[in-house]
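The values are calculated or read from the model by the stated rules, or taken from the named source; none is laboratory data. Because the structure is predicted, anything quoted here is derived from the model rather than measured. Every residue, glycine as well, gets a Cβ built from its backbone with ideal geometry; the counts of neighbours run over all protein chains shown. These area figures cover heavy atoms from the full protein model, side chains too; ligands, DNA and RNA do not enter into them. Shrake-Rupley method; radii C 1.70, N 1.55, O 1.52, S 1.80 Å.
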Amino acid sequence: MSRRTEIDVRPITEVEFPDWNRAMNTGFLQPPAVAEEQLEARRRQFVPGRSLGAFDGDRCVATFRSFDQELTAVGGAPVRADAVSNVTVTATHRRRGLLTRMMAQDLAAAKERGDVVATLIAAEYRIYGRYGFGPATTMTEWTVDVPRAGLDPRWAAPECGGRIDLVDGADVRKLGPELHERLRRAQPGAVSRAELWWQARTGVVHMNGTPWTEPYYALYRAADGEVEGLASYRADEHWGDAKQPLITATVDWLLAVTPAAERALWHYLCSIDWVQTVKSGWRSPDDLLPGLLPDPRAARVTTQADWLWVRILDVAGALTARTYEGQGSVVLDVVDRAGLTGGRWRLAAGPDGSSCVPTTESAHLVLDVAELAALWLGDASAVRLAALGRVREERAGAARVVDALLRTSRRPWCPDMF
């Protein structure tokens, strides 16, 4: 086996792109061969300098890609983010420091560009904390037992005066982006979507090797004709031995910018003939879904896990980008072993604005940059982290002050996988 010093970590060239994709598929335990159609679609994501590879001789043995993204902070402000994706290390080259080298290169470049945070969806929990990432949002999936839900089986239309229509991919590409923009401007934790996202979800381009099957698309319009909701879903063909339908409808994604749209779409999905089970897809942990059913117990949690991970690259930039419902101040000693940010900061915040400036005052709370990331979007509790030994109070009650400032009335949510 080659020694670590013989493995070259660097941005890939366009010529190396096919081999890089083969290594990525291998790392994700997918068929290694990449069809030309897939390569052409994936080339649209290629940005010179943002796709890294580790090369043992001529062979690519690790992959890493990042791209520009906007992340919505609490209060709706968009924050510049370095989105990390396509991270793999081939099984023959694990424990060689390759991810550490690729991550260090990428985060240093992101810091130089002025990105405020980095983001990723972690396949494994234990990898990314050592690079300063912390789990900042949670996702929940519900499975709804439709007959138990208590909805009127004769349901035909939303009670609010709106309507639901089934549309096609062209309609989704036309109407979906603006609807998503409305959602992400109001949803902390949501991220931007490129045009390629909509093309891949409507069959225009094929990013993976599985055959494309068109889903159903349900569009909700309010009484005034305004588009307020859109869902993509699929159905299986499961029937019981006695010719009884046991169909499951699985939601790929559902966007709703009003409670009325959310209610109408979920009630529609639970009213489709033959459908006995609805799988919600990845939702916010405080999603309205269970409470929209006459019997909330019909919606049982089948998956709940960390989702979006955040790495703070600019403490002051991150903390002043968001809004605060409470009023107060606290001195934070932020530890960043990578040296990208950190230091001691006084945060003074309230409904009218905030400031975050370096200080030599004694710290009230000491925490790693990963724990700050977990707190930043308002989901984690400093009091709970203190009980777990992951933050340290230097002044009694400091964790409660942080919670009063940073925690939010609704939980952050990232609807996307990237």
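When Lys and Arg each count +1 and Asp and Glu each count -1, what net charge do the other residues less than 12 Å away from Tyr217, Cβ to Cβ, add up to? It works out to a net charge of -1. Farthest toward the positive end of the dipole of segment 106-255, out of Ala190, Thr143, Leu230, is the Cα of Ala190, where the dipole comes from beta carbon charges about the Cα centre.
In a simple Cβ point-charge model (Lys, Arg +1; Asp, Glu -1; nothing else charged), segment 280-418 has a dipole of about 220 debye relative to its Cα centre. Would you give the gap between the C-alpha center of segment 292-331 and the C-alpha center of segment 1-73, rounded to a whole Å? Centre-to-centre (Cα) distance: 32 Å.
The mean sequence separation of alpha-carbon pairs under 8 Å and at least six residues apart, normalised by the residue count of the chain, gives a relative contact order of 19 percent. For the chain, hydrophobic long helices are taken as DSSP H runs at least 18 Å long by C-alpha position along their axis with mean Kyte-Doolittle hydropathy of -0.5 or more; these are 98-113. Computed about its Cα centre, the charge dipole of the chain is approximately 1140 debye, with only Lys, Arg, Asp and Glu carrying charge at their Cβ. Charge tally for Glu36 (other residues, Cβ to Cβ under 12 Å; Lys, Arg +1; Asp, Glu -1): 0.
Scaled against 2.2 N^0.38 Å for its residue count N, the alpha carbon radius of gyration of the chain is 1.07.
Summing +1 for each Lys or Arg and -1 for each Asp or Glu among the other residues whose beta-carbon sits under 13 angstrom from that of Pro78 gives +1.
Remark: spin-label model distance Asp58-Glu237 equals 4.6 nm, labels positioned 7 Å along the Cα→Cβ axis. Apolar share of the accessible surface for the chain: 50 percent from carbon plus sulfur atoms, 1.4 Å probe. Couplings 3J(HN,Hα) for segment 333-350, derived from phi with the Karplus relation 6.51 cos²θ - 1.76 cosθ + 1.60 (θ = phi - 60°), are 9, 9, 9, 10, 5, 7, x, 7, 8, x, x, 9, 9, 9, 9, 10, 8, x Hz, where x marks Gly and Pro.
Taking every protein chain into account, the accessible area of the chain amounts to 47 square angstrom per residue (probe 1.4 Å). Loop-resident GluC sites (Glu not before Pro) (DSSP state other than H, G, I, E or B) in segment 4-34 with no more than 11 further Cβ atoms inside 10 Å of their Cβ: Glu14.
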